[in-house]
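Just below is one structure, and these are the notes that go with it.
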Amino acid sequence: MKYREFNLSTGTKIFLGKDADSNDELMKEFKGKGNTILHTVEPGSPFCVIDKIDASEKEIKESTIICASKSQDWRDNKSNVKVHQFSGREVKKPFFAKAGTWKISGKPKVIVASKKDIENFLRRYKN
């Protein structure tokens, strides 16, 4: 299954699901690893994976904005979007969970993607 891919300003490639099924495939591929994963606090966004252990704050911020820009929360509200940050070691698929549903262990960090940052991203990348 193909994912969305973006190259960050640092050259690091990130991967995003396109729908519930591709989110599942993405998470199956990256679960259990020491990477950085992002997903909006509200349901209805792609999982976003930075496939490196030592992602910089700049890479995390850019990825957060991209994740937020592809979310239903942004689509419906056009305001700041809260995003969870966690690693592949902190996720598991609950037995019989529907496609795209994953459980995060512990309390993930919450990052806010601002309306202004999302709008700036969307102006630069119309995809």
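Descriptive notes on the structure:
- Among residues of region 78-106 being modelled with pLDDT under 95, out of contact with any strand residue (DSSP E or B) (no Cβ under 9 Å at 6 or more places or on another chain) and open to solvent by 90 Å² or more (accessible area, probe 1.4 Å), the one that is nearest to residue 33 (Cα to Cα) is 89.
- When residue 58 is tested against (1) open to solvent by 70 Å² or more (accessible area, probe 1.4 Å); (2) under 15 Å from residue 41 (Cα atoms); (3) assigned to a helix (DSSP H, G or I), exactly one condition is not met: (2).
- Answer residue from region 85-108, given it is among the basic types (Lys, Arg) and assigned to a loop (DSSP other than H, G, I, E, B) and is nearest to residue 30 (Cα to Cα) among those: 93
- Filter result (open to solvent by less than 40 Å² (accessible area, probe 1.4 Å), in a helix (DSSP H, G or I) and either of a type in the set (D, E, K, R) or within 20 Å of residue 110 (Cβ to Cβ) (or both)) within region 15-39: 23, 24, 27
The values are calculated or read from the model by the stated rules, or taken from the named source; none is laboratory data. Computed from a predicted model, the values in this text were never measured in an experiment. In this analysis, Cβ positions are derived from the backbone assuming ideal geometry, glycine residues included, and neighbour counts consider all displayed protein chains. We work out accessible area using only protein heavy atoms, side chains counted, and drop any ligands, DNA or RNA first. Shrake-Rupley method; radii C 1.70, N 1.55, O 1.52, S 1.80 Å.
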